[in-house]
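Student: Handing you a structure now.
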Amino acid sequence: MVSKTIPVKSFDLVIFGATGDLSKRKIIPALFRRFIAGQVPPTSRIIGVSRRDLSQSDFNILVRNSISEFAPNIIFTENQINGFCKMLNFISMDLGSDKGWDGLTEFFIKNSQEIRTFYLSISPALIESCTQRLNSFKLITPQTRVVVEKPLGTDLASATMLNKILCSVFKEKQIFRIDHYLGKETVQNLMALRFANVLLEPLWNNNYVDHVQITVAETGDVNGRGEYYDEVGAMRDMVQNHLMQLLCLIAMEPPAHFDADDIRNEKLKVIRSLLPVNIKDTVRGQYQGANGSFRDHVNNPESNTDSFVAIKAHVSNWRWAGVPFYLRTGKALSRKVSEIVVEFKPLPHTIFPDLGKNYQNKLVIRLQPEEGMTLHIGVKEPGPGGMRLINAPLDMTFAQLTGQIESIDAYERLIMDTCRGDQTLFMRGDELEAAWAWVDDIIADWDESKEEPLEYTSGGPGPLEATKMMSRDGRSWEKI
Ligand code: BG6
């Protein structure tokens, strides 16, 4: 099966912070891949903006180096990279002052395309001055989009302020708030699974689902991002956005249409239905290991920040009343894996004791690695010798299904969606604020309790207390 690539319309994309880490690691390689795939028309223009004083050829070299360093698997010809470089432009300017903005304005006066995207890959502290100048220099047209990246606030107050700043110059329809988890292949497949098939819907509720687990485990530690991470911790860095978005997609009601606002309305309802969490239903941890402890890595011997979080959450509505949603994420764990497990209730009565009287069907949805799904069902063990039953994992790896060895990176999909103006996979302002409101209450309880995060050993499954949280409920985590 060959995937179809539908070219987007020619566009102008301005990357503020073009020489920064995100741009080099993700944005530039993503644009290049889509260019090679024929999705980005060569008449498009990519305008890199940075405070650094680079010449055009220095910037082109930076782009080439980013591609070879961060996307070493891309196979391309010299003609293709030259073609890509022809779309590049570079402007040096300081976002905190008016200096250099005339250069950007002129750039659009001379020649301009209908679709204009401003990608703010910059420190949150610069967002206000940048958006205000985009406005005062009259750079915002009806077909303009703005892309903003994490961190989208650090609590409800700062997220509300950020939304206010953006909404003072852009319409909500023009604002694309990235949560790169929404750009992952399996996340879209999750919607397909739920809303393109009749099979699961009758079971997708508290009559049949025992509980849901959402795990985003990482082997990496804070990886040189110590200062940032010590400020945010796993709760703000991962739970507030990636894990809550996954929870929304599992728990939401079917939207009336596959339309950005219909989907986001349903996700918002889920967030608003989340019950406040009892602190006893949370676990916070900090790793310790041979390669140094969390406190060493963030260079703060007193740090009280979490590198691991587990939470038992409840979505209080008719569909999910009484079904726990267990969320878990952490750094320095034994395996990098992001997956959702939907465990169904035990059979009401068993006639096959081999399976155990509490045998439960289970659907495992893997976001990474090896995107796919596994449905655990009871089947007869093949061969002669009587009727013996076993639990068989029915495996659907998407790569096998589509014949694609490598799926596209989340950023490729999300950047192309901004060009198309499709907000389905982006967070709306009210969703963002509702998520912060829920998370803020948990953090406030932690702060009040003054309890320190529990230690866990790097390379393991996380704090023992997280295992106990499950076993108290007679359940266990899927092995990381
Ligand atoms: C980012 C977090 O949003 O997601 C990082 O800031 C984390 O701390 C990363 O490592 C994980 O993303 P992925 O796609 O590698 O699972």
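Student: Take every Cα pair under 8 Å in segment 293-388 that's 6+ residues apart, average their separations, divide by the length, and report that relative contact order as a whole percent.
Tutor: On the way: 112 pairs, mean separation 16.5, N = 96.
17 percent.
Student: With just the Cα atoms defining each centre, how far is segment 306-336 from segment 179-228? Give it in Å.
Tutor: 11 Å
Student: Quote the relative contact order of segment 331-480 in percent (integer), defining contacts as alpha-carbon pairs under 8 Å separated by 6+ residues.
Tutor: Values: 154 pairs, mean separation 30.2, N = 150.
Dividing the mean separation by the residue count of segment 331-480 yields 20 percent.
Student: Pop the C-beta distance of LYS164 and TRP318 into the FRET formula with R0 = 22 Å and round what comes out to the nearest 0.05. Before the final figure, lay out the partial values.
Tutor: Numbers: r = 35 Å, r/R0 = 1.57.
With R0 = 22 Å, the Cβ-Cβ based efficiency is 0.05.
Student: May I ask you to derive the FRET efficiency for SER476 and GLU114 from their Cβ-Cβ distance with R0 = 51 Å, giving the value to the nearest 0.05? The partial results should precede the final answer.
Tutor: Details: r = 54 Å, r/R0 = 1.07.
After rounding to 0.05, the efficiency reads 0.40.
Student: Also, I was wondering about something else. For the pairs LYS4/LYS269; LYS86/LYS171; LYS362/LYS468; LYS269/LYS468, note any where the Cα-Cα span goes beyond 28 Å. Walk me through the numbers on the way to the answer.
Tutor: Details: LYS4/LYS269 34 Å; LYS86/LYS171 32 Å; LYS362/LYS468 21 Å; LYS269/LYS468 31 Å.
Long pairs (Cα-Cα over 28 Å): LYS4/LYS269; LYS86/LYS171; LYS269/LYS468.
Student: So how tilted is helix 127-136 from the main axis of the chain? Cα-based, degrees 0 to 90, rounded to 10.
Tutor: Result, in degrees: 40.
Student: What shape does segment 319-405 have by the C-alpha gyration tensor, where a ≥ b ≥ c are the square roots of the eigenvalues, rounded means a/c under 1.5, and otherwise prolate means a/b greater than b/c and oblate the rest? Can you show the working numbers first?
Tutor: Details: a/c = 2.31, a/b = 1.33, b/c = 1.74.
Oblate, because a/c is 1.5 or more while a/b does not exceed b/c.
Student: A follow-up question, please. Calculate the spin-label point distance for ASN299 paired with GLN143, positioning each point 7 Å from the Cα along the beta-carbon direction, and give it in nanometres.
Tutor: 4.7 nm
Student: For THR350 and LEU454, what is the calculated FRET efficiency with R₀ set at 35 Å and r taken between the beta-carbons, to the nearest 0.05?
Tutor: On the way: r = 38 Å, r/R0 = 1.09.
It comes out at approximately 0.40.
Student: Using alpha carbons only, how many degrees (0 to 90, rounded to 10) separate the axis of helix 101-110 from the longest principal axis of the chain?
Tutor: 80 degrees
We did not get these values from a lab; they are worked out from the coordinates using the rules stated. Being a predicted model, the structure only gives us computed values, none of them experimental. Note that each Cβ is placed from the backbone with ideal geometry, even for glycine, and that neighbours are counted across all protein chains shown.
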